[in-house]
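Presented below is the structure to which this report refers.
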Amino acid sequence: MILKTHHDIHIDNTIIEICNECGKSVRFGTGLYVNRVVDLNDIVTKIEMGKPFPSGGYICINCDNKLHKECLRK
Ligand SMILES: [Zn+2]
């Protein structure tokens, strides 16, 4: 896993095909394409939610499962 050491997030509404939780690509041809979940929140909302990769328009299945587990713990 590559950790970013600098912030280069551009604030616009371009939907990038990455998971907004882990930053992994969910493009066609990746293992995460089929089960990706569209995140319909706009980028400002995602920043407010503390998403690590707010420019990503999707959540991958791995992170979606994690989020559901956190919901169940409450
Ligand atoms: Zn993810």
Next on the checklist: Cut-off is 10 Å between beta-carbons; in what order do LYS46, LYS66 appear when sorted fewest neighbours first?
Outcome noted: LYS66, LYS46
Next on the checklist: Placing unit charges on C-beta atoms (Lys and Arg positive, Asp and Glu negative, everything else neutral), compute the dipole magnitude of region 16-73 about its Cα centre in debye, rounded to 20.
Outcome noted: 200
Checklist entry - Does anything in region 48-63 have its amide N under 14 Å from the 7 Å Cα→Cβ label point of ASN35, and if so which residues? => result 59-63
Checklist entry - If you wrap a convex hull around the C-alpha atoms of region 16-73 and split its volume per residue, what is the figure in Å³? => result 72
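Quick note: the coordinates plus some simple rules give every number you see, no bench work behind them. It should be emphasised that the depicted structure is a prediction, and the values quoted were computed from it without experimental measurement. Heads up, the Cβs are rebuilt from the backbone with ideal geometry, glycines too, and the neighbour counts pull from every protein chain shown.
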